[in-house]
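What follows is a single structure, written as C-alpha cells, with notes after it.
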4 protein chains.
Amino acid sequence: MSEPEAAPGTPPVSDIGRMTGFSDGVFAIVITLLVIELQVPEHRPGELLHALLEQVSVYVAFLLSFGYVGVLWLNHHTLLRLIRGTTVGLNWINLWLLLGVVIILFPTAVLADAFAHAGTDRDRQVAVVLYALAAAAMSAPWLAFFAYLRRHPRLLGEGLDRAFVSAQRVRPVVGMALYLTTAALGWFVNPILGLAGIGVMILFHALTSEGLRRWRTRRRMPA
Amino acid sequence: MSEPEAAPGTPPVSDIGRMTGFSDGVFAIVITLLVIELQVPEHRPGELLHALLEQVSVYVAFLLSFGYVGVLWLNHHTLLRLIRGTTVGLNWINLWLLLGVVIILFPTAVLADAFAHAGTDRDRQVAVVLYALAAAAMSAPWLAFFAYLRRHPRLLGEGLDRAFVSAQRVRPVVGMALYLTTAALGWFVNPILGLAGIGVMILFHALTSEGLRRWRTRRRMPA
Amino acid sequence: MSEPEAAPGTPPVSDIGRMTGFSDGVFAIVITLLVIELQVPEHRPGELLHALLEQVSVYVAFLLSFGYVGVLWLNHHTLLRLIRGTTVGLNWINLWLLLGVVIILFPTAVLADAFAHAGTDRDRQVAVVLYALAAAAMSAPWLAFFAYLRRHPRLLGEGLDRAFVSAQRVRPVVGMALYLTTAALGWFVNPILGLAGIGVMILFHALTSEGLRRWRTRRRMPA
Amino acid sequence: MSEPEAAPGTPPVSDIGRMTGFSDGVFAIVITLLVIELQVPEHRPGELLHALLEQVSVYVAFLLSFGYVGVLWLNHHTLLRLIRGTTVGLNWINLWLLLGVVIILFPTAVLADAFAHAGTDRDRQVAVVLYALAAAAMSAPWLAFFAYLRRHPRLLGEGLDRAFVSAQRVRPVVGMALYLTTAALGWFVNPILGLAGIGVMILFHALTSEGLRRWRTRRRMPA
C-alpha cells in the first residue's frame, strides 16, 4: 500500500502482506503434513501397543522435523521483520526459500523409513546424508536474501543498515558448514551420530533465532 | 508494528499478526485433514449402504475430533485476545501448543482403527488411553503460556492483570486431571466408558471456553 | 479491536478477523483436497489415454464439488459481510457451518467411486442420496446463523436490520427442500436424474449468491 | 471496507481482503501438496540410494510444477495489485482461475508417472499433451479477468486505465498459443521435446511476470 517512492529504473516495491500470508500458509501446511508420517501400524489383533512402540523412529523423525520447521518459521518471522517492502526479485528468493521448507517433508519420510523398517546401515547412511544435504542446500536462499537486501537497502526497515545485514550472513554460512560436517559424520562414521548431529543443528538454529533478535535489540539501544 | 517500548535486556515484543495467521492455518488444516479418515469403504457391488453403515466408529471418531479441534481453536482465539504482543519465548510456547493440535490426528486415526476393524478389547484400551494421554499432555503448553504471561505482564492486553491470568490456570489443570482419570477408566474399567469420558471432556472444554469469556466480561464491569 | 459496547449480561463481541482467516483456510484446503480424488489411473503400458478417458465420472464429481465449495465460499463471503463482530455463540455456529464444508469431501469420494467402478444402480442411488442429504443438512447452520443474528441485532453491520435478516432465511429453507426432493428423485426414480438435480441445485445457489447481494444493494438505495 | 460508491444497477464492490486470503491459501496448499508425489521408493535392503536415483523424473516433475505454481502466484500477486475492489463476477473469475491452479496437481502426477515407470512413448505423449492442454486452458480465466476489468474500469487501482488492461491481454494469448504448440511438438515429434517446451514456457511466464511490472512502472513515470 504505502510504496516507498522508487528511483527510475528500480523495480517497484510492494507491500509484504501477501508474501507473509502465502509463506505462513506454506509453513502451516508443511508442519501439519509431517503428522501424516504417523500411520496406524499394521498389527495382529491385540498387539496394537506392541506395534505402536515399535515405530519409535517414526516419532523421532516427526519431532525432529516439527522442531525444524518450527525453527524455520521463527527465523522467517524474524527475517520479514527486517524489511518494509518487497520486489519481484525478493519474492523469487522467498519462493526459493519456501522450496527448501516444502522439500524437507521428503528427507523426513526417507529418514523415518530407513530407521524404521528393513533398512540396512548403508540405507541409514544414505538417509542421514540426504537430510543433511537438503538442510545445507536450504541455507542458500537465506544467503541470497541477505545479499539482495545489501544491494537494495531501501527495502530495509527503519533503523537497519547494510552493516547489520552483513552480520546476519554468518548464520547461514555456519549452518551450511555444520550440516555438511554432519553429512560427512553420518556417512563415514556412523548414521546414528549423523542423526544426533541433525538434532544438534536444529538446536543451534533455535538458539541463534533468539540470538538474531538479541543482536537487533542491542543495535537499537545506545550502548 | 506498534511495539510497546521494552526495558533494556527484555526480549523485543512484536505484533501477533503472523502468530495468529500461522496458528489459524494449522488449525484449519488439522480440522480439514480429519475428514481423510472418512474413506469410501471397500465393498461388494450393491453393498455400499451396508458398508457405509458398518464404519460408524469412524464417523464418531471424526465428529469427536472435529469438535475437539473446534474447541481448541475457540480457546486459542480467546487466549490470543489476552495479549497485545508476542516474544520469541511466547512464539516457542505457541509452537508447542500447535504440536499438541497437530498430533491429535494420530490418536484419532488409532482410535477409529481400533474400534472399527479387528480390534480386540486390549487394542481399544490402548487406543483410548493414547487419546486421553495425548489430550492431557496437550494441557502443558497452555499452563506454560499462562506462566509466561505472569512473568511478562507487559504483554497483557489492556485492563488485564496477573491475578486474572492466574485464575485461568485452573482450566488446564482440571483438564489434565480429568483426562488422566479418563485414561484410567478406559484402561482398568471399560474402553467404551473411556470413549464416553473423552466426549464429556471435550464438552467440558467447550463450556469453559464460554466460561472464560464470561469471567472476562464480569471483570470489566463494575460489580 | 473496536468492540461495540455490550449491555451487561450479553456475551462480549470480538473482531471477525480470526473467524474470517480460519474459515478461508478451511475453504482453501477443502477446495484443493478435492483434486486428490483425481488419481493417475492404473493401466497397462501404452493404455494411459484409454485409462484417463475411462474415469470421466471422477472428473464430473470433482468439477461438481469444486463448483459447490466455490459457491459456498462466495455465500460465506456475503454472509460475513452482514456482521461487524462475532461472539462465542456465532463462532460455534460458524464451526458447525465449516463442518458441513469439510464433510462434503466424503460424499464426493463416495459419488465418484459409485459411478466409476463396479458400482451397481443400488450403490449409485445410495451415493446420490448421501450427497443430497449431506447438502440438505448443510443448510441447517445457515439458518442458525440468521436466527442468531435476529436475536443479536447489535452484531449486524451498518444499515442492516432484522427484517433484512429474516428475508435471507428463504434461501436455506428452499435449498433444504430442493435437496431432499433431489434425494427422493435419485432414490425412487433414477440415480443419474439425482446427479443432474445436484448440479441444478449448485447452480441455484450460485445464482442466489448473486441475488443475495442484489437485494442488499436495492435495500441501500432510495427506491 | 472502503466501498467506492456504485451507480444504481451496478454490482456492489467489496474489499479484496478475503479474495486475497483465500487465493493465498489455495496457492500455498497446491505448492505444498506437490511434494506428496515425492514418495520413499520401494527398494530392497541396502539399495535405497539406487532407488532414490532411479526416480529422477519424479524430481524433475516436482521442480517443474513448483516453479510453475510459484510463477502463477507471482502473476496473481501482480494481478490483484491492479484492482482496488472486487464484485461477485470477479470473485467467480478468480475461482475459475484457482480451478486451473488446483488442477495442475493432476497432470503433474500423470507426467511423473508416465516418465518414471513402465510408461511407453505413447503414454509419455499423452502425459505431455495433457499437461500442455491444462496449462493452455488455464490462460482462459486470465483473459476473462482482463475483459471484466475493461468493462468495469471503476475496479481499477489508481492511475490505471483501459488501455493498460488491454495491453496485458497479450500475455495469456501468447501463452495459450505457445502451450498448444508445445502440445503439438510433444505429440507429433517427441515427448521429451514437449517436456522441454513446458520448461521453456514456465520460464517465459516467469520473465514476463517481471515484465508486467516493468510496464507498469514505465507507465507511471513521465517518459
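The values are calculated or read from the model by the stated rules, or taken from the named source; none is laboratory data. These numbers come from a predicted model, not from an experiment. Here the Cβ is made from the backbone with ideal geometry for all residues, glycine too, and neighbour counts use every protein chain on show. Keep in mind that these areas ignore ligands, DNA and RNA; they rest on the heavy atoms of the full protein, side chains included. Shrake-Rupley method; radii C 1.70, N 1.55, O 1.52, S 1.80 Å.
Close amide H contacts of residue D:83 (hydrogens built in the peptide plane, cut-off under 5 Å, sequence separation of 5 or more or a different chain): D:157. A Gaussian network model of chain B, with springs between Cα atoms under 10 Å, assigns the largest mean-square fluctuation among B:12, B:141, B:45 to B:45. Toward the positive end of the charge dipole of the protein assembly as shown, with +1 on the Cβ of Lys and Arg and -1 on the Cβ of Asp and Glu, the farthest Cα among C:142, C:29, D:157 is that of D:157. Inter-copy label distances at residue D:89, using a point 7 Å along Cα-to-Cβ, come to 4.0, 4.0, 5.6 nm with the shortest given first.
Shape class for the protein assembly as shown, computed from the alpha carbon gyration tensor (a ≥ b ≥ c): rounded, with a/c under 1.5. For the stretch B:166-179, putting each phi into the Karplus relation 6.51 cos²θ - 1.76 cosθ + 1.60 with θ = phi - 60° gives couplings of 4, 4, 5, 5, 4, 4, x, 5, 4, x, 4, 4, 5, 5 Hz, in residue order, rounded to whole numbers and with x for Gly and Pro. So how strong a dipole does the protein assembly as shown carry about its Cα centre when Lys and Arg Cβ are +1 and Asp and Glu Cβ are -1, to the nearest 20 debye? Once rounded to the nearest 20, the dipole reads 3920 debye.
For the pair residue C:63 and residue A:150, label points projected 7 Å from Cα toward Cβ lie 5.4 nm apart.
Note on chain C: with a GNM built from Cα contacts shorter than 10 Å, the maximum mean-square fluctuation among C:43, C:205, C:152 falls on C:43. Contact order for chain C, expressed relative to its length and based on alpha carbon pairs under 8 Å spaced 6+ residues apart, stands at 21 percent. So with the 1.4 Å probe, I'd like the accessible area per residue for the protein assembly as shown, rounded to whole Å². I get 40 Å² per residue for this part. Springs join every pair of Cα atoms under 10 Å in this Gaussian network model of chain C, and among C:39, C:125, C:55 the largest mean-square fluctuation is at C:39.
Of the listed residues D:34, D:63, A:64, the order by accessible area with a 1.4 Å probe, largest first, is D:63, A:64, D:34. Using only side-chain charges placed at the Cβ, +1 for Lys and Arg and -1 for Asp and Glu, the dipole size of the stretch D:1-145 relative to its Cα centre rounds to 260 debye. Buried accessible surface for the C/B pair, both sides summed and rounded to the nearest 100, is 3300 Å² with a 1.4 Å probe. Per-residue ellipticity at 222 nm, computed for the protein assembly as shown from helices alone with -39500 (n - 2.57) per DSSP H run of at least four residues, works out to -23500 deg cm²/dmol. Placing a label point 7 Å from Cα along the Cα-to-Cβ axis, residue C:196 is separated from the same position in the other copies by 5.0, 5.0, 7.1 nm, shortest listed first. Prolate is the label for the stretch C:10-131. Its Cα gyration tensor axes, ordered a ≥ b ≥ c, give a/c of at least 1.5 and a/b above b/c.
Charges on Cβ only, +1 for Lys and Arg, -1 for Asp and Glu, centred on the Cα centroid of the protein assembly as shown; of C:48, C:85, A:93, which one is farthest towards the dipole's positive end? Positive-end residue among those listed: C:85.
Projecting label points 7 angstrom from Cα along Cα→Cβ for residue A:50 and residue B:203 puts them 3.8 nm apart. Sorted shortest first, the separations between the residue C:167 label point and its copies elsewhere in the assembly read 4.4, 4.4, 6.3 nm; each point sits 7 Å from Cα along the Cα-to-Cβ line. Of the solvent-accessible surface of the protein assembly as shown, computed with a 1.4 Å probe and all protein chains present, 65% belongs to carbon and sulfur. Across chain A, where is the longest run that never hits GluC sites (Glu not before Pro) in a DSSP loop with at most 10 other C-beta atoms within 10 Å? In short, A:43-157.
I'd like the residues of the stretch B:77-96 whose 1.4 Å-probe accessible area shrinks by no less than 30 Å² going from the isolated chain to the full set of protein chains. With the partner chains in place, the stretch B:77-96 has these residues losing at least 30 Å²: B:77, B:81, B:88, B:91, B:92, B:95. Take the alpha carbon gyration tensor of chain C, find the square roots of its eigenvalues, order them as a ≥ b ≥ c, and report rounded if a/c is under 1.5; if not, report prolate when a/b exceeds b/c, else oblate. Prolate. The spacing between the stretch B:119-197 and the stretch D:26-62, judged by their C-alpha centroids, is 38 Å.
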